[in-house]
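To keep things clear, I will list the structure first and then write my remarks on it.
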Amino acid sequence: MAARKRILNNKIILVFIVLAALTMRLLSSSVVFANGRVSFIGCDSFYHMRRIIHTASDFPNYLTFDSYLNYPSGFELGWPPLYDRAAAFLALILGWGSPDTHTIEVAGALLPVLLGVLTLIPIYAAASAIFENKTALFSAGVLAFIPVHLVVSQAGSTDHHVAEILLSTTAYAFFILSLKHARSTDLSFADIKKAGSEKTAAKPLIYAACTGIVLALSVFTWIGSPIFIGLIGLYAFVQFTVDLKENRSSEYLVISGITAYLVTLILITPICASAVRPGFEMSAMFLSWFHVLYVASLLAAFVLFGVLSGFVYSKKLKWWYYPAAVAALVAVGTAALNIFSPEFYHSTVSGLEYISGSGAMLGMISEALPLFYDPNGSFTLAVLWRSFALCFLTAFAAFGPVIRKSIKENYAPETVFFIIWTVVVVLLAVSQRRFTYLLSINISILTGYFITIILGMSKPDRAPRTSKARRTSSKFKLGDIAVIAVIIAVVFVPTVNRSISIASNPSVIPSDWQESLMWLESSTPETSYYSNPIEKPEYGVISWWDYGNWIVYLAHRPVVANNFQAGVDDAARFFVTLDESEANAILDRRNVRYVITDMKMVKTKFSYLAQLAGEDADNFYTVQTIKTRTLQVVNDRFMNTTLTKLHVSDGATLGKLRLVYESHSTVAQNPEVKYVKIFEYVKGAKITGFAAPHENVSAAANVISNRRRTFEYYNTAVANETGWYELTVSYSTEGGPYDTRAVTPYTVQGKESGIAKEITITEEDVANGGEIRLDLV
């Protein structure tokens, strides 16, 4: 009776945890679903939505190439399709088979909420298998509120990260259950062969097969899935070693591991074979033969190392012979792989480098920075606080007891697996802070165990009987209340407050960007093939890569650079160069018509642009000391970059770029600068004629923007020894197509002679590169 009541209570608590998790993840809805449209969070969400809409319109097909990226070359997409297909399938359900765009967007925005709440199931299963039900309840309760998991699972966070967490946790929960059942029955191959044996192999084999199924699903969800698969192999090496040290057989582990890997291999082989693309047959960044060979290699290694473990065990050899032999075999196998399959070897190495955060490009992506260092290289704990609040401290405090628990239990496989799982994910998070979302599961379980330990310390061993004992019991109860209060104050209050702050202020696209891209979509020539991006569109847009996905999805325009970092070299060089001819050459080569800048590119992103352009960012700043404070102040080199000339100086001295739109927010004064600006690349009207030899000639006109802000546009030239000059201007004074336009004729003036004349420029001259003669002699 008591057991039934306890189970019922646990179910009730789980229901409340699920409802709390759902509520927290829907808090962002007030922002995401505001004003009758769906605003997605982050940047990658927008490209996921592009693929989701395409898949929902042509289910189950998905985009593998997009001519709207890396314009004009296009881009081969490496993202596996399962996450986008799942969102498209949900949209088809919600839209009764024919969803409109808004329904698809709603489905895309809600899918992470569904997946995030579903993750409570495998974390409960894993924690209860490793510890017990009470710890499992606490673990699920922590996950419901932990900030970093909320970030990737709240409404509007339409990205595959939440699916990574769900699939990896589910796979590992199944594998832990397989290990636990197999070890408890001391499962062996002989047991499998015996019909009607008292020791049943069904449960561990079913759990192991489910592990393989989920691992296969992870391959079709995330290109980093080999991490999940390889972690089991790494664990197996450790478990084989400790089993030999404890003088016990590891047949149970061999059975579970081989079953899991074999099922994964069987499932992924036909799909990967059908998805292989020419030129990417062995690429780790695409579904390819790499994944098949990778799993096959792990399966073969599992068999080999299992046989080796059995040999050492049966021959009663010293346990340390095993790790020594494995190390030798791995060294030989790696060398052989490099010789006989260099493509697979290099794909594996490049994947490891990517995961570890190596490479210049990753060093310039904020989410790929090391966990404990900020962009300036200073030590910081800010990311830990933002991700876990104080739960990282409770998790750290619980990790030692988990190790002691493992030793006390003679290295029970489920506990050893959890330790290895935690260590690997910690290393991932330390190398790249973005992987803290994977660590959310381990932090939650460890915090759940910490709470169990603390509560257990405050409880008496037996119920009191005497009046004195009852008084003592009351003290214990007061102690329990005090402990619970401390736990709430230390664990849940900071965690919940942090999560509510995140959910209430989701990082949706800024309104200035949204309005600017809506203008670009409605007020500039439409480009072709947006819904079927196989052919090359008419022109492209260049901006910094952070904004590429926004531009493609909201403005329906091709981009040179986007969040896949394709085209980033040309984008960086264009904005950083001081040479107008070089900038124009990049725009011509990329067939760019519009350029978009924002104040963040000037204020906070410039050093990254400079580094990717091959420049030393320090060369654009001068160090000044003001009242004991050392400051970096921009210098003339910074002010003469294409980016600064555009965003701060409104295109002054640039003959082929003109401002056509600026957003509403003013972010600087003297001069007045708006947050987002859009420029058009034109051929420009060429003003030519004679002036005094070597004279400085300028052409200037007053311009009014779409926000009724006025500024002076000008360009200059120097006459040659004969007095001939040529200068190009980008604004027409007659017939301009935009609200931003010149409102006065150009005044062309010789600086030394003082001669000045006015001239009008037609839009046709600007668009076609017309030449207008004007002599200043």
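The values are calculated or read from the model by the stated rules, or taken from the named source; none is laboratory data. Owing to the predicted nature of the structure, the values given are computational and were not obtained by experimental measurement. Every residue, glycine among them, receives a Cβ derived from its backbone with ideal geometry; neighbour counts consider all protein chains shown. Note: accessible area is taken over every heavy atom of the protein model, side chains too, but ligands, DNA and RNA are not part of it. Shrake-Rupley method; radii C 1.70, N 1.55, O 1.52, S 1.80 Å.
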Fraction in percent of alpha-carbon pairs per bin - 5 Å, segment 29-108: 3, 16, 24, 22, 18, 11, 5, 1
Between segment 173-231 and segment 262-338, the Cα center-to-center distance that results, in Å: 17 Å
In degrees, nearest 10, the alpha-carbon axis of helix 120-130 is tilted away from the dominant principal axis of the alpha carbons of the chain by 40 degrees
Fraction of accessible area attributable to carbon and sulfur, segment 640-747 (%, probe 1.4 Å): 45 percent
Nitroxide proxy distance, nm - points 7 Å out along Cα→Cβ at residue 775 and residue 300: 8.4 nm
Grab the DSSP H runs of the chain that are 4 residues or longer, score each as -39,500 (n - 2.57), total them, divide by all residues and round the 222 nm result to the nearest 500 deg cm²/dmol. -17500 deg cm²/dmol
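When the chain is fully extended, how far beyond the present Cα-Cα distance does residue 666 get from residue 376, taking 0.36 nm per residue of separation? Provide the component values of the computation, followed by the final result.
Details: separation 290, 0.36 × 290 = 104.40 nm, distance 2.78 nm.
Taking 0.36 nm per residue and subtracting the Cα distance, the gain is 101.6 nm.
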Computed over segment 699-750, the convex hull of the Cα set has an average projected area, in nm², of 3.7 nm²
Note to self: with every protein chain in place and a 1.4 Å probe, the chain gives an accessible area per residue in Å² of 43 Å²
Greater than 25 Å apart at Cα, pairs in 677/751; 194/408; 11/180; 194/405; 674/757: 677/751; 194/408; 194/405; 674/757
Quick one: work out Rg over Rh on the C-alpha atoms of segment 74-142, Rh as Kirkwood radius. 1.19
Modelled label reach - residue 30, point 7 Å along Cα→Cβ, segment 150-165 residues with backbone N closer than 18 Å: 151, 154-157
Say the dipole of segment 671-777 comes from +1 at the beta carbon of Lys and Arg and -1 at that of Asp and Glu; which of 701, 691, 722 then lies farthest toward its positive end? 701
How would you order 561-574, 16-29 from highest to lowest mean count of nearby Cβ atoms within 10 Å? 561-574, 16-29
Quote to one decimal, in nm, the extra length available between residue 756 and residue 23 on full extension: 0.36 nm per residue of separation minus the C-alpha distance between them. 257.0 nm
With the chain reduced to its Cα atoms and the Debye formula applied, log10 I(q)/I(0) at q = 0.05, 0.09 1/Å amounts to -0.34, -0.94
Using only Cα atoms and rounding to the nearest 10 degrees, what angle (0 to 90) does helix 202-219 make with the longest principal axis of the chain? 10 degrees
Please give the helix 467-487 orientation as an angle from the longest Cα principal axis of the chain, in degrees from 0 to 90, rounded to the nearest 10. 30 degrees
Roughly what would the spin-label model give for residue 247 and residue 626, points 7 Å off Cα along C-beta, in nm? 7.6 nm
Considering the Cα trace of segment 126-255, what is its radius of gyration and what is Dmax, both in angstroms? 17.0, 53
If each residue of separation counts as 0.36 nm, what is the full-extension length gain between residue 721 and residue 121 once their alpha-carbon separation is subtracted? 207.9 nm
Ranked packing of 681-688, 173-180, most packed first, by mean Cβ within 10 Å: 173-180, 681-688
Expressed to two decimals, segment 278-345 has a Cα Rg over Rh, using the Kirkwood radius, of 1.12
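How big is the convex hull of the Cα atoms of segment 390-437, per residue, in Å³? Mind showing how you got there, number by number?
Details: hull volume 3.4 nm³, N = 48.
Given the Cα convex hull of segment 390-437, per-residue volume reads 70 Å³.
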Using only the alpha carbons of segment 1-143, determine the length spanned along each of the three principal axes and report them from longest to shortest in whole angstroms. 68, 34, 28
Using label points projected 7 Å from each Cα along Cα→Cβ, tell me how many nm separate residue 531 and residue 694, to one decimal. 6.4 nm
For segment 228-368, build the convex hull from the C-alpha positions and give me its volume per residue in Å³. 134 Å³
